[in-house]
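The values are calculated or read from the model by the stated rules, or taken from the named source; none is laboratory data. All values derive from a computational prediction rather than experimental measurement. Cβ coordinates were reconstructed from backbone atoms using ideal geometry, including for glycine residues, and neighbour counts include every protein chain displayed.
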Amino acid sequence: MKTPPPSLPVRSPAGKIAPPLGPGIPSSSGADFLTTKLDVAVQWAQSNSLWPMPFGTACCAIEFMSVVSSHYDLARFGAEVVRFSPRQSDLLIVAGTVVDKLAPVLKKVYDQMAEPKWVISMGVCASTGGFYRAYHVVQGIDEIVPVDVYVAGCPPTPENLIHGIIELQKKIQSGELARHREAKTFVPIRVGVDPDLSIPAYSDGVMARVPGKKELPEIGETAESELNAKARAAAGEGDR
Amino acid sequence: MSATLAPPSISFGPVLEQKLGKRVTVEQRPGADIPTLVTDAVTLKEAALFLRDDPATAYDLFLDLASVDNSKLPGNLAPKDGSRFQANYILYSTRRNEHLRLRVNLPAKDPAVPTLTGVWPAANWFEREAWDLMGIRFEGHPNLQRLLTHNGFVGHALRKDYDKSQRWLCTEEDLLQTELAARTDDPEDMFETMTLNFGPSHPTTHGTLRVVMRVDGEKIVAAESECGYLHRCFEKMSETHTWVQVVPYTDRLNYCSPMINGNGYVRGVEQMLGIEVPPRAKAARTVLNEFSRIMDHLVCIGANLVDLGALTNFWYAFQPREEIYGLLEACCGARLTSSYARIGGLAKDVPDNFVEWSRALLPGIREKIADIDGLITKNKIAWNRMRGTGYVSKENAIAWGFTGPCLRASGVAYDVRKDKPYEMYGDVDFDVPISTDGDNFARYLVRMEEMRQSMRIIEQLLARFPKGPINSDDYRVILPPKEMVYNEMEGLIYHFKLVFEGVKVPAGEIYSFTEGANGELGYSLVSDGSGFPYRVKVRPPCFPLFASFEHIIKGSMVSDAVATLGALNIIAGELDR
């Protein structure tokens, strides 16, 4: 018999379904207990009960409306409870162009959200400014707030946004985001080609206080160095 | 391209000469453009009053103020009198069904004209916009502040010497000015009323609108609305792209009905070029325009009812939208931003089963509209929330520059599709619904009926959907077919010229107008004969609607303001461009 993947419900011999707690150990003797790590349980719960706050400004907001309405029905993916108050939500979906006049508003909305919080940049305008390389358009919201997932498209199709949300859920479940947040090695804020020419006040968010661009290790690097450290520890030659 | 149309004539020439003499001249240019009168800043106000009040002219509707910076025009086209700026007032007479452009040429140094807010109240925001983006000063304007850009902005972005990518930092303090302006000067009153900020990030602003209200309990004493939170520089970006490359930008103006915007734009360019598109393209455009209108109205009604607490209708309204998206996707590959219209036709032919597919969509739409109708039209809660709220009288609607469903809900039967037919609208039979109530419920009813009329238009066109080519055979504007490119020398040359140089639109200007989902969608296009537009100015239908919002809601409850904002259907994309 094929072994089910760990994130799917596992049917125990007694016919009861163990909760799909990631790499937890499902009960096999018929008893109703299971063991897991608290982190994993929390991450599982967080990833499947995202409360999005749509910061909808433009065309992408119309597609977002399609995503939450009956045909695509975002409720199927555990991100159903749309809240328009940043204080009640943990996922900021920036859907549409953000212009300079709106930039302080976006910053304020992001700051009002409680941790842990995640940001999806929906569409090319939010991600890079899109084809508006112009005098009044923010060239990507990562000038202002840190972004976890960029969703491509102008506007992205509903499938694409749902894919972005699933990717975010995977990232939350893997614990990768929490680790980087703790180590302040989160997605680096893009401060422009030349930091002197870029607009300073947009980039003084919580995550952007990490001094200097070069001191930020890349996500890939961090994961690798952690693995290396684990390998060293296993081989008995670690520093600790 | 050999347009030999007679110059547009004006019927009131003798009266004009008798009243204003030589101070106002008629500019004679061949083409499909609307007639133009030229005057100077001193005579402007007198001329405006004459045009508004004289029964021979009766230009009661102020449509647009298109400003142009002529400093980069090539030598032969540059103005002879050494002026740099132009202020073009676009007017319309609801009684005589005629458009007119009133032009003032202005010098490079301190361009200033007297304000026309006293003549047409609609001019208020248009003048602020022209000040903001072009730096034309309007003497005597009640509130000549920046409108679309923020208060930290330096310079005037649409002037030709402004770098298109020069940004300015906006801080939170820059945004507070409106809030301060809404405060009353009376210190006694400060304890009676409070300031309420509404937007720009608020679910019922449907995007990025902002209203700062002064409220006494629940009652709105004063309000000031602000826009520009989605000013993405459409007009500046158009000047840096070729004529065809502007089409995708037009999609993002009114993103609820992108096809209509693209059609309006390419129609303007086609008029400048003097080309006709084949009947099949006309029919396809008309059918898709009407589907887009249905989509737009469905979003408007659905979202408006969500704001009133009737969530079910939102699901009903979005199901037909998804089905229409399917058709659009089959035509052009995109759901929302179709970019389907092209100068001289469409990007590609409609799918083979277009007629059957379109016909199959109609029963579903009809059913969902009937569902909404059954739930809302005789619903007591809807009546209480929508009847009598957001009232706009016929006179006010005209004075504030309303067009489209909101004007028709106030009792003026002006519909470009009927009064100045374009594409296939002249060949089909449909009614223009109007209401004399002028309130939110009237707007809802007008939109519901317009959707039914749209389906009538679609049905008639599908019954005799023309065969034949989809695109014009003028290969100076549209890419020749691939067989021709590979096999014939001429085809290759056309292809090469088009790809490298773009469509060469002859020098000139036009005000082209179509019926958008929210009202008259006008494009003031100026060409200098190169492959790039010299100036593109959009007349967004929502702009005057939102400009008058602060007047409509004065004296009403905050909750009525929410209902009114939804019923006016403000789309930030075209409002701020």
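Observations on the model:
- Residues in the range A:107-124 that are in a helix (DSSP H, G or I), more than 8 Å from chain B (Cβ to nearest Cβ) and touching a residue at least 40 places away in the same chain (Cβ under 8 Å) were compared, and the one that is nearest to A:Trp51 (Cα to Cα) is A:Tyr110.
- A:Ile93 vs. criteria out of contact with any His (no Cβ under 9 Å at 6 or more places or on another chain), away from every other protein chain (no Cβ under 13 Å), aliphatic (A, V, I, L, M) and not in a helix (DSSP H, G or I): no
- Residue in the range B:129-136 that is out of contact with any Leu (no Cβ under 8 Å at 6 or more places or on another chain) and touching a residue at least 24 places away in the same chain (Cβ under 8 Å) present: yes
- Filtering B:Leu133, B:Leu106 for residues that are in contact with a His (Cβ under 7 Å, 6 or more places away or on another chain), assigned by TED's automatic domain parsing to the domain that holds B:Phe50 and modelled with pLDDT of 85 or more leaves a single hit, B:Leu133.
- Residue that is nearest to the other protein chains (Cβ to nearest Cβ), among those in the range A:143-176 that are under 22 Å from A:Ser47 (Cα atoms) and of a type in the set (Asp, Glu): A:Glu159
- Residue that is within 14 Å of another protein chain (Cβ to nearest Cβ), crowded, with 18+ Cβ neighbours inside 10 Å and within 22 Å of the chain's Cα centre (by Cα), where the choices are B:Leu298, B:Leu346, B:Leu305: B:Leu298
- Residue within the range B:431-439 that is of a type in the set (A, V, I, L, M) and farther than 30 Å from B:Ser530 by Cα present: yes
- Any chance B:Lys219 is over 28 Å from A:Ala126 (Cβ atoms), more than 9 Å from chain A (Cβ to nearest Cβ) and under 23 Å from the mean Cα position of the chain (by Cα): no
- Identity of the residue in the range B:208-247, of a type in the set (Gly, Ala, Ser) and over 13 Å from B:Phe546 (Cα atoms), that ends up modelled with the highest pLDDT: B:Ser238
- Inside the range B:136-172, residues that are closer than 25 Å to B:Gly522 by Cα and more than 14 Å from chain A (Cβ to nearest Cβ) make up a count of 5.
- The residues of the range A:103-125 that are under 23 Å from A:Ser47 (Cα atoms) and in contact with a Gly (Cβ under 9 Å, 6 or more places away or on another chain), listed by number, are A:Tyr110, A:Asp111, A:Ile120, A:Ser121, A:Met122, A:Gly123.
- Within the range A:128-140, residues that are touching a residue at least 60 places away in the same chain (Cβ under 8 Å) sit with their Cβ atoms under 9 Å from residues that are of a type in the set (Phe, Trp, Tyr), at 6+ positions apart or across chains, in these pairs: A:Val138/A:Tyr202.
- Exactly one residue out of A:Val42, A:Val81 is in a loop (DSSP other than H, G, I, E, B), more than 9 Å from chain B (Cβ to nearest Cβ) and of a type in the set (Val, Ile, Thr), and it is A:Val81.
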